[in-house]
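Participant: Before anything else, here's the structure in question.
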Amino acid sequence: MKNRIKQLRQKNHLTLKEVSQKVGMANNTLSRYETGKREPKLETWQKLADYFNVSVTYLQGIDDEDYIEFACNECGHTFKVPRELETKVVSCPFCSCQETSYEV
Ligand SMILES: [Zn+2]
């Protein structure tokens, strides 16, 4: 899933350097977050979300109203499924069980 950090940064005409200085991280770290090579900690997501004045889930690329949460009966993991795939659930992304799960 693609996050919206880069999209929001460009929309606000900000450079990597400007945003990373504001939220207190190295700009190559921010760059890795944008490309998905590194996953920010929740605390960092929150800082970035506050900075862009959006919700954490929006920044992460999730539109809450478009997703529903599934809990796998086999492994207990919860995961988000696009609402339109609710009826096509095939396999859990964590354990690949066939019961509760889905496939994108
Ligand atoms: Zn599972």
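The values are calculated or read from the model by the stated rules, or taken from the named source; none is laboratory data. Just so you know, these numbers come straight off a predicted model, no measurement behind them. Note: ideal-geometry Cβ built from the backbone for every residue, glycine included; neighbour counts use all protein chains shown.
Participant: Checking T57 against (1) within 16 Å of the ligand (Cβ to nearest atom); (2) of a type in the set (S, T, N, Q); (3) modelled with pLDDT of 80 or more, which single condition isn't satisfied?
Facilitator: (1)
Participant: Condition first: within 12 Å of the ligand (Cβ to nearest atom) and acidic (D, E). Now tell me which residues in the stretch 65-91 satisfy that.
Facilitator: Passing the criteria: only E74.
Participant: Please indicate, with yes or no, whether at least one residue in the stretch 13-35 is closer than 29 Å to S91 by Cβ and surrounded by fewer than 16 Cβ atoms within 10 Å (Cβ to Cβ). Steps first, please.
Facilitator: Our first condition is that a residue be closer than 29 Å to S91 by Cβ; within the stretch 13-35, this holds for 33, 35.
Subsequent filtering for residues that are surrounded by fewer than 16 Cβ atoms within 10 Å (Cβ to Cβ) retains 35.
Checking the stretch 13-35: at least one residue is closer than 29 Å to S91 by Cβ and surrounded by fewer than 16 Cβ atoms within 10 Å (Cβ to Cβ).
Participant: Which of the numbered conditions does N73 fail, given that it passes all the others? Conditions: (1) in the same structural domain as S96 (by TED's automatic domain parsing); (2) farther than 30 Å from C95 by Cβ.
Facilitator: Condition not satisfied by N73: (2).
Participant: Right, another one. When you check K47 against the structure, is it in contact with a helix residue (DSSP H, G or I) (Cβ under 6 Å, 6 or more places away or on another chain), surrounded by fewer than 15 Cβ atoms within 10 Å (Cβ to Cβ) and not assigned by TED's automatic domain parsing to the domain that holds V81, yes or no? Break it down into steps so the answer makes sense when it comes.
Facilitator: Numbers: in contact with a helix residue (DSSP H, G or I) (Cβ under 6 Å, 6 or more places away or on another chain): yes; surrounded by fewer than 15 Cβ atoms within 10 Å (Cβ to Cβ): no; not assigned by TED's automatic domain parsing to the domain that holds V81: yes.
So K47 does not fit the description; no.
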